[in-house]
1. Kindly write out, for the stretch A:345-360 in residue order, the coupling ³J(HN,Hα) from the Karplus curve 6.51 cos²θ - 1.76 cosθ + 1.60 (θ = phi - 60°), rounded to whole Hz, with x marking Gly and Pro.
2. As a test of the definition: which semi-axes, in Å, follow for chain A when you take the square root of five times each eigenvalue of its alpha carbon gyration tensor? Largest first, please.
3. As a footprinting exposure proxy, order A:316, A:351, B:266 by other Cβ within 10 Å, with the fewest listed first.
4. Within the protein assembly as shown, what percent of beta bridges assigned by DSSP are antiparallel, to the nearest 5?
5. Show me the trypsin sites (Lys or Arg not before Pro) within the stretch B:1-93 that DSSP assigns to loop and that have at most 14 other Cβ atoms within 10 Å of their Cβ.
6. Taking 35 Å as R0, compute the FRET efficiency from the Cβ-Cβ separation of residue A:343 and residue A:121 and round it to 0.05.
7. Could you give me the percent of Cα pairs per 10 Å distance bin for the protein assembly as shown, shortest bin first, beginning at zero and ending with the bin that holds the maximum distance?
8. Can you flag which of A:121/A:207; A:284/B:44; A:74/A:207; A:224/A:282; A:81/A:121 are past 27 Å Cα-Cα?
Amino acid sequence: MQRTTINRRSVLAAGAGAALSMPFIRPSWAQAQTVRALMWEAYVLPDVVSKFEQDNNVKFVATFFDGNSEAYNKLRVGGAKEFDLVQADGFWPQLYFREELIRSVDYAHVPSATSYLPEFKPENFKVLTDAASGAKIGYPFCWGAYGITYDAAAVEPEKTDTIACMFDPALSGRLSTSARFEENIALAALLVTDRLGSRDKPRPDGKPFNPYVLTDEELGEIQKLLVEQKALLLTRYQDNPTLFQLLQSGAVVAATEFAQVFRQLLTAKDGNPKEDFRHALKMKEGGLGWVDTWLVTSGVEDGPRLELCNRFIDRMISAEVMKRIGETAGCSTTIDLRSISSEEDRKLYLMDRSSEIADLFMFDQPSSPEKWERVWSNVQAA
Amino acid sequence: MADPDNRWNRRLFLHVPAIFLVLFFVLPLIALVILSFWQTENYKIVREWSATNYVTLATEPAYFVFFVRSLFLAIGVSIFSVAVSWPIAFFIVRHGGRYKLILSLLLAVPFLSGEVLRLISLQGMLGPTGLVNGVLLKIGSAPLRFIMYSNWATFIALVYLYLPMVVTTVYLSLLNFDFRLTSAASSCGANRFQVFCEIVWPLNLSGTIVGFLLCFIPTLSASLAPRFLGGPSGVLYGMSIAQQFGESGTWALGAAMGVVLFLFSMAVLGVFSLGIDLRRTGFTGMGRL
């Protein structure tokens with residue numbers, strides 16, 4: 001029979017093991033001191049976060065994502081208890097709420113919510129209202145479209161009245177789109193369904209036309225169109241800085257984007273002479289729009305943690321912070337900043353055009369991610 | 001009776017790495033295989049066993065195209081890297097003198113920065129406004145379109161990323177090679193070409209194959225280089241796998257693609273390992289015995 005002895009080496013090894021594992025063990029009392037957010041990186045303002053941490057004696061931990069589907073996957077895999085706050089846009093918050101990943105919210109606990117632009121006030125902005133219960137499910141944050149930014153010196157402004165501009169052989173090698181497959185397909189869907197005249201026909205889900213809910217025939221036509229477009233593209237940009245460089249250098253003269261690069265181009269302080277950059281928000285076939293939101297996960301129960309979440313959202317949608325986020329991220333805000341903005345900023349950030357959001361098709365979940373993935377793969381392989 | 005200290009040492013040096021490998025290599029691999037036989041539907045995993053994902057891979061031409069693209073690129077990059085590595089390694093070994101070690105360590109300098117950083121800098125170099133095309137435009141020449149967002153750009157990036165690995169491997173092989181053999185062959189009347197083809201190359205073939213594989217395997221699954229530099233027609237198999245696990249959320253199909261890649265890589269390793277004699281790879285030093 002072997003005798004187990006405790007010697008100095010085993011004690012040292014056990015001590016070292018315990019010390020190494022300490023950072024990975026979180027006691028329950030420490031958990032209440034952390035606010036965990038699943039969010040877009042562009043919206044992090046380090047000094048605002050630090051101030052929030054100081055004022056509330058908490059630690060803010062952010063996890064970043066790019067597209068909604070990625071966030072949705074992270075939220076589902078990690079479970080709603082892994083995060084306190086999550087961001088999403090378009091109709092994604094509705095999906096989160098249906099799947100009980102997020103909880104209802106009360107605007108009365110977030111004082112800054114009284115400053116929303118009329119279109120985003122709770123009584124008007126129905127995208128964040130649960131149809132069954134009437135409960136509010138999140139807070140609008142920034143808004144925008146997926147329009148066309150173009151150099152008016154190289155592209156006639158009239159051309160950008162239509163999405164066909166992005167499929168124009170005359171601009172071959174000088175076009176670019178983002179690498180996001182959902183928006184590439186949805187934008188092409190607007191052009192295809194307009195050409196086919198299929199929007200008014202019965203839709204697969206029995207609801208009014210939505211470019212994210214498409215028939216197989218429409219998807220087939222979209223695939224053909226995107227394959228044709230591929231030969232005209234210089235590249236599909238992965239990030240805004242790349243698109244900024246391509247547009248500024250003149251290598252690309254028209255690109256679909258969220259108007260963020262458009263604003264960065266107009267406000268760049270690099271001493272280079274500015275081209276005549278413009279942005280088409282909505283084309284004659286329609287346009288895609290998004291409203292980024294702040295949502296509270298279902299893992300957050302009533303009490304101190306919810307209050308902490310409300311305080312964070314209140315800070316983030318305060319006029320002072322929203323103005324800075326608009327300038328940093330290059331997006332339009334849902335809070336009314338007109339009284340504290342210059343005339344130039346009002347135009348640049350579309351502050352007087354927020355009503356146009358109602359005419360745009362909101363970002364949504366593809367009707368069949370599997371079919372859409374197949375279409376996208378076929379386009380990439382062609 | 002076994003010495004308890006020895007027993008403890010054996011546990012530490014054998015069991016710990018074994019547990020690490022089981023936890024972080026074998027188990028994830030098993031999970032990947034299981035997932036590949038399930039389905040994903042609307043971003044949800046459906047735990048129903050079927051070979052649908054493999055049928056999709058076998059019947060949908062897109063994935064085959066990605067694979068063939070990757071395969072040709074991996075072969076091209078690996079052969080090119082070996083061809084470029086040989087003269088570099090040969091020069092260091094024969095003419096490096098006392099600076100041999102420093103010269104070989106210089107090969108590791110690119111690894112001091114991250115892969116993404118290196119790719120972004122390369123993007124700046126090869127892009128439409130980059131160093132190469134910028135200079136061409138300045139002197140009134142047309143830009144080189146083929147290096148902008150194309151498979152050629154990916155080729156250049158992959159060679160840049162993996163060339164140091166191949167050079168190091170060939171260098172280590174040559175370092176252990178007894179060059180007196182070449183003198184003997186020359187004395188017997190062999191010309192330089194014959195010396196290389198019949199003495200130097202065959203006796204360093206194992207090291208060369210190892211270098212080839214160290215370049216071939218990661219290139220076959222490359223996802224970052226084509227993403228940053230490949231352009232609209234430059235999607236490779238590894239990039240497509242990343243897409244399945246990322247934005248499209250079709251994890252089960254991505255898992256099946258991963259399993260196929262793993263099996264193919266293992267088969268390539270198996271075939272090439274037949275030609276490898278470890279004593280001649282340069283790593284053991286036994287080649288001198």
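1. 5, 4, 6, 4, 9, 6, 5, 9, 10, 5, 5, 5, 4, 5, 8, 9
2. 40, 26, 23
3. Sorted ascending by nearby Cβ count, the order is B:266, A:351, A:316.
4. For the protein assembly as shown, the DSSP antiparallel bridge percentage is about 65.
5. Passing sites in the stretch B:1-93 are B:47.
6. So the FRET efficiency works out to roughly 0.90.
7. 3, 12, 20, 22, 20, 13, 7, 3, 1, 0
8. Over 27 Å Cα-Cα: A:284/B:44; A:74/A:207; A:81/A:121.
FYI, it's all coordinate maths here, none of it is from the lab. Given the structure is predicted, the values throughout are model-derived calculations rather than measurements. Virtual Cβ from ideal backbone geometry, glycine too; neighbours counted across all protein chains shown.
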